[in-house]
């Protein structure tokens, strides 16, 4: 399988060659008014863009808090979703790396020194380690800010899709097409709070574009190469779509292309990964906004920002929380 994650942790589209996805840019409108955020995907993209432009340590905190405050101001509940144990077909778990990140984060909590040379050197030497460290740090800061966070049973985009499919969130912020294949009705590739716009694609548009149902789209992902399988040689998404219409399903296409029975099993096992999203209970997760904890936020942010900046952030989050709460109460009274 071609490696589709660069050294800075940037995930590509999850599937290969699906450049026909139709994205629409329009005013922000998310119903129900809650947005699931695929943390590893979204933050790796944002950090890659910022790399080299600023020497500010741990910039992910500013990104997260600005996003949370901006969404709350628009009466949209942000739900930050973190990866759990990875799918084995995508990558093997690395418990030692996780333990190393936890040790580094504990050291940071003890020293509160964002310029600690041991920490900064370790993180710069291992992008994967820095992503785990970021996850530990973000979970603590977001919990203090009051917004809901979820550690997924597996891939973040899988749980996000389950929430979206159950209408617990209105969209998923990610550029991983797998999110649609896991069943999310909508995928938001980008959102600009300042401009009031979002760029999104929908599962219904994708079905219409290829004239395939969701089951066939999942088959197509396996045929044309994705995170879970290398795919069928010389079969891209366009050719794969034609063959699926002719032979109906993945097994039919594989048999028509002379794939030995002994090799078909690996395709089926990979396809089953997409169906794991259907078995996630979307109502097992609590999506509750709580008031910001000012003292915890100060403790987390003061090593990184001035007292004036931290105070401004806390006031902004508190104001957004109060407005969001009033809006929710009004809606409940109407209902």
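Since every read-out is calculated from the coordinates, none of them should be taken as a lab result. Note that the coordinates shown come from a computational prediction; the quantities given were computed from them, not determined experimentally. Because the Cβ atoms are built from the backbone with ideal geometry, glycine has one as well, and the counts that use them run over all protein chains shown.
Here are the numbers for the structure shown:
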| read-out | value |
| --- | --- |
| Nearest 10 degrees, 0 to 90: helix 60-73 Cα axis against the chain principal axis | 90 degrees |
| Folded to 0 to 90 degrees: helix 214-224 orientation relative to the chain principal axis, Cα | 80 degrees |
| Debye log10 I(q)/I(0) at q = 0.21 Å⁻¹ for the stretch 80-201, Cα point scatterers | -1.21 |
| Two-decimal Rg/Rh across the stretch 230-327, once Rg and the Kirkwood Rh are taken from alpha-carbon atoms | 1.38 |
| Bridge type composition, the stretch 1-209 - antiparallel percent by DSSP, nearest 5 | 45 percent |
| For the stretch 35-140, radius of gyration divided by Kirkwood radius, i.e. Rg to Rh on alpha-carbons | 0.97 |
| Between 0 and 90°, nearest 10: helix 261-275 axis offset from the chain longest Cα axis | 40 degrees |
| Principal axis dimensions, the stretch 148-280 - Cα atoms, whole angstrom, descending | 53, 30, 21 |
| Equivalent ellipsoid semi-axes, the chain, via Cα gyration tensor eigenvalues times 5, rooted, Å | 37, 25, 16 |
| The chain: calculated mean residue ellipticity at 222 nm from DSSP helix runs of at least 4, using -39500 (n - 2.57) | -16000 deg cm²/dmol |
| For the stretch 211-278, alpha-carbon Rg over 2.2 N^0.38 Å | 0.98 |
| Burial order of peptide ranges 206-217, 155-166, 267-278 (average beta-carbon count within 10 Å, highest first) | 155-166, 267-278, 206-217 |
